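Every read-out reported here was derived from the displayed coordinates using simple, explicitly stated rules and does not represent laboratory data. Remember, predicted model here, so these are calculated numbers, not experimental data. Note that each Cβ is placed from the backbone with ideal geometry, even for glycine, and that neighbours are counted across all protein chains shown.
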Amino acid sequence: MKLFAKCSDCNSEIKIKTFLISNRIELAKSKGEEFEQRCTHCGHRNEIYVDEVIAEKNDSLIFIVGGISFLLAIALTYFFWHYGYIAAVSFAIPLLLSTTISQNQRNSVNLFNGMYFNSKKRLERLKSKSSVN
Ligand SMILES: [Zn+2]
């Protein structure tokens, strides 16, 4: 799972670096309810409120894990071939791992995006933003 927010100036995605954060409450604890993050695209300093942070699946992680376990499957099959090893078993592992990770990520993304830190404040912020524009 990766976290990002939109730059208020250029609307591009700002990646938010976190470690083992699974919801907005944990994010608020680690970074504060509001934190400053510079946009890597335009350099604008954004005041980001935790409820404006969006979670997304980290596809590269799925590819990396899938790829590594696929290579391991090839190695396993190669080394144990003489013992009557069934290749299908080892090739089921990368498939199973990728599916599990993908599913786990979907769950945590839904969990993160579905729970707000402070819904009332979030709505107030949304209102004030739309009145400015
Ligand atoms: Zn920007």
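For T99, work out the one condition from (1) touching a residue at least 12 places away in the same chain (Cβ under 8 Å); (2) away from the ligand (no atom under 16 Å from the Cβ); (3) among the hydroxyl-bearing types (S, T, Y) it doesn't fulfil.
The number of the failed condition is (1).
Go through the stretch 31-55 and give me each residue that's surrounded by 13 or more Cβ atoms within 10 Å (Cβ to Cβ), more than 9 Å from the ligand (Cβ to nearest atom) and farther than 17 Å from R122 by Cβ.
Scanning the stretch 31-55 gives a single hit, Q37.
Name the pairs: first residue in the stretch 40-54 and of a type in the set (K, R), second residue within 14 Å of the ligand (Cβ to nearest atom), Cβ to Cβ under 6 Å, at least 6 apart or on different chains?
That search, which allows pairs on different chains as well, returns R45/E36; R45/R38.
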